[in-house]
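Working notes, structure below.
The values are calculated or read from the model by the stated rules, or taken from the named source; none is laboratory data. Everything numeric here is computed off the predicted structure, so don't read it as measured data. For neighbour counting, all protein chains shown are included, and Cβ atoms are generated from backbone atoms with ideal geometry for every residue, glycine included.
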Amino acid sequence: MDYPGFLQLLNKAIQEPARSRQPKQIIRFNKASQYRECLSYLQKMKPGLSGLRSVQSSHLIRALIAPLACRDRLGKYQNGVAIEEDSRIRVHGGTAPLSAETVSTLPWGVKKIKAHQAWPLSTGSQIRIGVIDTGVDFRHPDLRHCLARGVNLLNRALLPHDDNGHGTHIAGAIAAASYERGAVGVAPGSIIYPVKSFDHNGSAYVSDIILAIDWCVRNRVHIINMSFGMKTRSKALLDVVNKAYANGIVIVASSGNDGKRQTIDYPARYPQTIAVGATDRFGRIALFSNRGPHVDIYAPGEKIISSWTNNRYHEMSGTSMATSHVSGAIALLLEKRPGLSPGEIKALLKRTASPIRRRSGTVSKTNILGEVDACRLVREGIKLK
């Protein structure tokens, strides 16, 4: 492949006037040697070709991410690479304001999954959780103890400050620790690595998520929390999820909030993730939650109180909130059993789950449905040989 010619053509295409277009193209190389050689030329040619300065790279899936109008601009070179048009992806969850005076130190979801009963054994100490979201409020008193620096993929010169609230809520549900007036999370000893990939509207692109997962793998997190989704399948996203899974990282993803009974959103639908649906206070599947055979585990997701921006608290409902409960429960497990693989953890989650209640009041007997039981998960994990 003529890499200088390819990059010169790419530079020209990037500099074309922007019309109504997808923001980026994901260009993947089939062979690692091709990617490395092209990347080497890219570094050499960037100083002289300004368009190439906007090209980003994902080492994990051997890809270049470029603000390109369409794949046809690459002419003959498009046959030598796999090109995917970037797609929109959004966080899961709605919000309602809540005053701090109504906050309970032990939120009902934490209590429902019996996380507090596991704390004498484990608080998730030193377990690193990458939260790919809208960032986090570094000044929130409930979160100061648990935050690593993380990364802002929208502006690498800045900290991943939260300008939406969703990411702060997720971080709090996982790892908040406040025994005075705030709400405590499922795993108050864990460490949150905020990865800001979503803007103030809770919107991102697949390419942002690819770079986020790439960052999480390079920084050796144990768990990735992905409280977002989209309806369409992405080969590039599946590829990077596969790579993270192969690196032993547990990926927890929300199923979506459309109330569908037989399908769920991506990336939760990929088998390499732990797909999470939401339950209500009565242990029933929440009406808004996607459900069905693709869901691996359920967790509290209705009217969840957690931290918010500007030292506040909000109540939110969604499979996003359920996902944060499962990430926290896995952190409790991993403190005691750090060698477990993602597949072993998924199997143990299912095996130790509590039965889901039907809306009629009866308990479901099917093995497909189960709500996470953090205390039993940890105890059974400790017993494993």
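Any residue in the stretch 338-357 that is over 16 Å from Ala275 (Cβ atoms) and in the same structural domain as Arg376 (by TED's automatic domain parsing) sitting within a Cβ distance under 6 Å of a residue that is of a type in the set (D, E, K, R) and assigned to a loop (DSSP other than H, G, I, E, B)? List the pairs, counting only those 6 or more apart or interchain. Taking only residues 6 or more apart or on different chains, the pairs are Thr352/Asp373; Ser354/Asp373. Quick one: would you say Ile192 is surrounded by 20 or more Cβ atoms within 10 Å (Cβ to Cβ) and farther than 19 Å from Phe138 by Cβ? No: the conditions fail for Ile192. State yes or no: is Gly248 on the phi > 0 side of the Ramachandran plot, in contact with a strand residue (DSSP E or B) (Cβ under 9 Å, 6 or more places away or on another chain), in a loop (DSSP other than H, G, I, E, B) and touching a residue at least 60 places away in the same chain (Cβ under 8 Å)? Answer is no for this residue.
Table: residues versus (1) surrounded by 17 or more Cβ atoms within 10 Å (Cβ to Cβ); (2) part of a strand (DSSP E or B); (3) in contact with a Gly (Cβ under 9 Å, 6 or more places away or on another chain).
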| position | (1), (2), (3) |
| --- | --- |
| Ile26 | yes, yes, no |
| Gln34 | no, no, yes |
| Glu37 | no, no, no |
| Lys44 | no, no, no |
| Leu52 | yes, no, no |
| Leu60 | yes, no, no |
| Leu68 | yes, no, no |
| Gly75 | no, no, no |
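Name every residue in the stretch 137-162 that is in contact (Cβ under 8 Å) with a residue 60 or more places away in the chain and closer than 15 Å to Asn201 by Cα, in order of residue number. Within the stretch 137-162, Asp162 is the sole residue that qualifies.
Residues in the stretch 221-246 that are within 11 Å of the chain's Cα centre (by Cα) and over 18 Å from Ala32 (Cα atoms): Ile223, Ile224, Asn225, Met226, Ser227, Phe228, Gly229. Would you check if there is a residue in the stretch 281-289 being over 25 Å from Arg379 (Cβ atoms) and in contact with a His (Cβ under 9 Å, 6 or more places away or on another chain)? The answer is no, given that none of the residues of the stretch 281-289 is over 25 Å from Arg379 (Cβ atoms) and in contact with a His (Cβ under 9 Å, 6 or more places away or on another chain). Which residue out of Leu52, Leu42, Leu64 is touching a Lys or Arg at 6+ places or on another chain (Cβ under 6 Å), farther than 30 Å from Ala353 by Cα and modelled with pLDDT of 95 or more? Going through Leu52, Leu42, Leu64 in turn, the sole match is Leu52.
With respect to Arg284, is the statement that it is closer than 19 Å to Ala115 by Cα and out of contact with any helix residue (DSSP H, G or I) (no Cβ under 7 Å at 6 or more places or on another chain) true? It is true that Arg284 is closer than 19 Å to Ala115 by Cα and out of contact with any helix residue (DSSP H, G or I) (no Cβ under 7 Å at 6 or more places or on another chain). Scanning the stretch 71-90 for any residue that is under 31 Å from the mean Cα position of the chain (by Cα), of a type outside the set (Asp, Glu), over 30 Å from Ser255 (Cβ atoms) and modelled with pLDDT of 95 or more turns up nothing. Just checking, does the stretch 204-221 include any residue being touching a strand residue (DSSP E or B) at 6+ places or on another chain (Cβ under 8 Å), in contact (Cβ under 8 Å) with a residue 40 or more places away in the chain and closer than 21 Å to Ile305 by Cα? Looking for residues that are touching a strand residue (DSSP E or B) at 6+ places or on another chain (Cβ under 8 Å), in contact (Cβ under 8 Å) with a residue 40 or more places away in the chain and closer than 21 Å to Ile305 by Cα, one finds none in the stretch 204-221, hence no. Scanning the stretch 154-169 turns up no residue that is surrounded by 24 or more Cβ atoms within 10 Å (Cβ to Cβ), assigned by TED's automatic domain parsing to the domain that holds Ala329, among the aliphatic types (A, V, I, L, M) and out of contact with any Leu (no Cβ under 6 Å at 6 or more places or on another chain).
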